[in-house]
Amino acid sequence: MYFSAIGQDSHRFEPEGSGKPLTLGGIIIPGCAGLAGNSDADVVLHAITNAISGIHGTPVLGRIADDLCLRQGIKESAVYLKKAIEHLKSCAVVHISISIEAQRPKLADHLSAMRESIASLCNVPVAHIAITATSGEGLTAFGRGEGIQVFAIVSARCE
Ligand SMILES: [Zn+2]
């Protein structure tokens with residue numbers, strides 16, 4: 001049996017010069033302000049984590065991740081994603097489709113590295129990770145460069 005679920009997340013940029021790096025899909029993107037949040041604010045991994053929660057119904061961000069972040073000081077969103085994957089139990093992720101809306105930074109040159117990083121974290125072939133990025137053309141807060149929004153659809157095969 002197959003299940004599919006959507007996840008979404010958005011974060012505002014830190015002010016320029018805050019020193020926080022921009023982490024997207026588990027990689028650091030140089031030359032752009034980081035995103036605000038208690039963790040590394042990896043909005044791509046958060047959207048994927050939320051989609052995986054949509055498969056198994058156990059909230060990870062806001063609960064398990066808050067505990068890891070606020071009590072144990074774990075800021076890496078990759079750890080939260082791993083927790084979400086653990087809850088899949090008899091299900092296995094087979095495909096992830098990711099849609100990013102960001103006026104900045106330009107992501108085209110980083111998409112293949114992001115795909116490889118996400119494939120490795122989720123134990124899925126790179127060919128089963130698809131990412132599109134749009135600029136938003138000034139229409140939304142994300143299209144005006146105030147932050148980044150991501151949607152992810154995760155498909156999983158379940159026993
Ligand atoms: Zn988030």
Quiz item: When the accessible area of the chain is split by element with a 1.4 Å probe, what percent falls to carbon and sulfur?
Solution: 53
Quiz item: Based solely on its DSSP helices, what 222 nm [θ] is calculated for the chain when runs of n ≥ 4 H residues each add -39,500 (n - 2.57) and the sum is averaged over all residues, nearest 500 deg cm²/dmol?
Solution: -7000 deg cm²/dmol
Self-check item: Distance (nanometres) between label positions extended 7 Å along Cα→Cβ at Arg63 and Glu76
Solution: 2.5
Quiz item: How much net charge surrounds Lys20 when only other residues with a Cβ under 13 Å from its Cβ are counted (Lys, Arg +1; Asp, Glu -1)?
Solution: -2
Self-check item: Proximal charge balance of Phe142 [Cβ under 12 Å; K/R count +1, D/E count -1]
Solution: -1
Practice problem: Would you please name the GluC sites (Glu not before Pro) within segment 9-91 that are DSSP coil residues with at most 11 other C-beta atoms within 10 Å of their C-beta? | Solution: Glu16
Quiz item: How large is the accessible surface per residue of segment 24-150, computed with a 1.4 Å probe and reported in Å² as a whole number?
Solution: 45
Exercise. Round to the nearest 10 and give me the degree value, 0 to 90, for the angle of helix 111-122's Cα axis relative to the longest principal axis of the chain.
Key: 30
Self-check item: Label-zone membership for segment 1-38, site Ser99, 7 angstrom Cα→C-beta point, backbone N under 18 Å
Solution: 4-11
Exercise. Give the Rg (one decimal place) followed by the Dmax (whole number) of segment 1-52, computed from C-alpha coordinates and expressed in Å.
Key: 12.9, 48
Exercise. Can you figure out the FRET efficiency of Ala92 with Ile6, using R₀ = 25 Å and their beta-carbon distance, to the nearest 0.05?
Key: 0.85
Self-check item: Net length gained if the chain between Ala130 and Glu16 were fully extended (0.36 nm per residue, minus Cα distance)
Solution: 38.0 nm
Practice problem: Hey, could you get me the Stokes-Einstein D for segment 83-159, Kirkwood radius over alpha-carbon pairs, 20 °C and 1.002 mPa s, rounded to whole µm² s⁻¹? | Solution: 159
Practice problem: Could you work out the local net charge near Ile129, counting Lys and Arg as +1, Asp and Glu as -1, over the other residues with Cβ closer than 12 Å to its Cβ? | Solution: 0
Practice problem: Give the cysteines in the chain for which no other Cys Cβ lies under 4.7 Å away, or write none if there are none. | Solution: Cys32, Cys69, Cys122
Exercise. With the Cα gyration tensor of segment 29-159 in hand, convert its eigenvalues to equivalent ellipsoid semi-axes via √(5λ) and list them largest first in whole Å.
Key: 24, 19, 13
Quiz prompt | Two-decimal Rg/Rh across segment 67-119, once Rg and the Kirkwood Rh are taken from alpha-carbon atoms | solution = 1.05
Practice problem: Pull up the cross-link candidates among the aspartates and glutamates for Lys20, meaning alpha carbon to alpha carbon under 15 Å and not fewer than 8 places away within one chain. | Solution: Asp40, Asp42, Glu76
Quiz item: In whole Hz, what ³J(HN,Hα) sequence does segment 50-62 give by Karplus (6.51, -1.76, 1.60; θ = phi - 60°), x for Gly and Pro?
Solution: 5, 5, 5, 4, x, 7, 9, x, 9, x, 10, 5, x
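The values are calculated or read from the model by the stated rules, or taken from the named source; none is laboratory data. Note that the structure is predicted; figures quoted are calculated from it, not measured. Backbone-built Cβ (ideal geometry, glycine too); neighbour counts: all protein chains shown. SASA here: full protein model, heavy atoms, side chains in, ligands and nucleic acids out. Shrake-Rupley method; radii C 1.70, N 1.55, O 1.52, S 1.80 Å.
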